[in-house]
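The values are calculated or read from the model by the stated rules, or taken from the named source; none is laboratory data. None of these values were measured; they are calculated from a predicted model. In this analysis, Cβ positions are derived from the backbone assuming ideal geometry, glycine residues included, and neighbour counts consider all displayed protein chains. Only protein heavy atoms, including side chains, enter the accessible area calculation; ligands, DNA and RNA are left aside. Shrake-Rupley method; radii C 1.70, N 1.55, O 1.52, S 1.80 Å.
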Amino acid sequence: MSMIHLTDKNSPLHEKLEIGLLLAVVGGFLDAYSFLCYGGVFANAQTGNMVLLGVSLINADYINFFHYLIPIIAFSFGILMTEYLLKYLSGSFYIWVLITEIIILFIIAFLPDNTPQVVVTAAISFMCSIQIGSFRKICGAPYTSTMCTGNLRSAMGSLFLAISNKDSHSLIQGLRYLSIILFFCIGAAIGAICVNWWGKISVLLCCLLFSILLLLIIRDLIYIKRKQQQLSDAINK
C-alpha cells in the first residue's frame with residue numbers, strides 16, 4: 001500500500017498544509033485566550049457571540065449586549081477591509097497581513113490591566129477576521145483556520161466520498177481537514193496552559209508563530225522572484 005501524502009508541493013505557500021496547521025494552532029490559542037482572559041468572549045467564533053448577544057438582549061442585559069456586539073462589528077469590518085485589500089494589493093498582501101497581526105497581538109500583550117475588555121476582544125476579532133479573509137484555502141480547498149464547524153462538515157463529506165467512491169483524493173482531503181481540526185484543538189489546549197502560566201502576555205507566543213510564517217512567506221516570494229528573473233534572463237539571451 002502506497003503512503004498517503006497530505007502535503008501538495010504544487011500549492012502556493014499560503015495554501016500549503018503546514019501553513020494551515022500553524023494558523024489553526026494560532027486560531028485555537030486565541031479562542032482560548034480571549035475566552036479565559038476577556039470575559040468569555042470568543043475571538044473567532046462569532047456564532048457563539050451572536051448566541052450570547054441574543055440571550056443578553058432577551059434578559060435586558062444591555063451592557064453584555066454591547067460587550068458581544070462590538071467584536072461582531074469589528075470582525076465584519078475586518079472582512080470588508082480584507083476584501084478591499086485583496087483586490088488592490090499584489091503578492092505582498094500576505095506579508096502585510098502577518099505584520100498587522102503581529103503588531104496587534106504585541107500591543108495586546110502589554111496593554112494595562114484597566115483597558116476595557118471590549119477594546120481587546122474587538123481588536124482580536126478584527127485580527128482574526130483578517131486571517132480568515134486572507135488564508136482561505138488549503139491545498140486548493142476552502143477551509144477556515146480560526147473555527148472548525150465548517151472544517152468538520154468538509155472532513156466528514158470528504159471521508160464519505162472516500163468510502164463510498166473509493167476515492168483516494170477525497171480521503172487525503174478529509175485527512176487534511178481532520179489535521180486542521182486536531183491542531184486547532186492543540187492550539188486551544190496550549191492557549192489554556194499558557195494563560196494559566198503567564199496570563200495575558202502569553203499571546204506573545206502567537207506573535208512568534210506569525211513571525212515564523214512571515215519569514216516563510218518572504219522566503220517564498222524571494223524564491224519566486226529569483227526564478228522569474230532567471231526565466232526572463234534566459235528568454236532575453
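Brief remarks on what is shown
- Loop-located chymotrypsin sites (Phe, Trp or Tyr not before Pro) in region 53-148 whose Cβ has at most 11 other Cβ within 10 Å (DSSP): PHE110
- Length-normalised contact order of region 38-106 in % [C-alpha pairs under 8 Å, at least 6 apart]: 22 percent
- Only lysines eight or more places from LYS16 in sequence, or on another chain, were considered; those with a Cα closer than 18 Å are LYS137.
- Applying the Kirkwood pairwise sum to the alpha-carbon positions of region 145-224 produces a hydrodynamic radius of 15.0 angstrom.
- Sequence-ordered 3J(HN,Hα) estimates for region 138-147 from the Karplus curve with 6.51, -1.76 and 1.60 and θ = phi - 60° stand at 10, 6, x, 10, x, 7, 10, 9, 10, 7 Hz, glycine and proline given as x.
- Per residue, in Å², the accessible surface of region 98-169 once ligands and nucleic acids are set aside, probe 1.4 Å: 49 Å²
- Calculated P(r) tail over 21 Å for the chain, as whole % of Cα pairs: 60 percent
- Rounded percent of accessible protein surface that carbon and sulfur make up, region 82-237, 1.4 Å probe: 69 percent
- Accessible surface, 1.4 Å probe, highest first, among residues MET147, MET127: MET147, MET127
- Mean separation of Cα contacts under 8 Å (6+ apart) over length of the chain, as relative contact order %: 33 percent
- Surface/4 estimate of mean projected area, convex hull on alpha-carbon atoms of region 86-170, nm²: 7.7 nm²
- Highest-fluctuation residue, HIS169, HIS14, HIS67 considered, GNM on the chain with Cα pairs under 10 Å: HIS169
- Shape category assigned to region 55-107 from the gyration tensor of Cα positions, a/c cut at 1.5: oblate
- Shape of region 115-158, Cα gyration tensor, a/c cut at 1.5: oblate
- Dimensions in Å of region 169-209 - Rg and Dmax from alpha carbons: 13.9, 43
- Within the assembled protein chains, the solvent-accessible surface assigned to SER154 is about 20 Å², based on a 1.4 Å probe.
- Charge context of THR144, other residues only, Cβ under 15 angstrom, K/R +1, D/E -1: +2
- Note that region 22-35 has calculated 3J(HN,Hα) couplings of 5, 5, 5, 4, 5, x, x, 4, 5, 5, 5, 4, 5, 5 Hz, one per residue in order, obtained from phi through the Karplus relation 6.51 cos²θ - 1.76 cosθ + 1.60 (θ = phi - 60°); glycine and proline are x.
- Ranked order, GLU18, GLU101 - accessible area, probe 1.4 Å, largest first: GLU18, GLU101
- For region 83-129, the spread of Cα positions along each principal axis, largest first, Å: 39, 16, 11
- Exposure check, 1.4 Å probe, all protein chains in place: CYS148 carries approximately 30 Å² of accessible surface.
- Amide H contacts under 5 Å for ILE138: TYR143, restricted to partners 5 or more places along the chain or on a different chain, H placed in the peptide plane at 1.01 Å from N.
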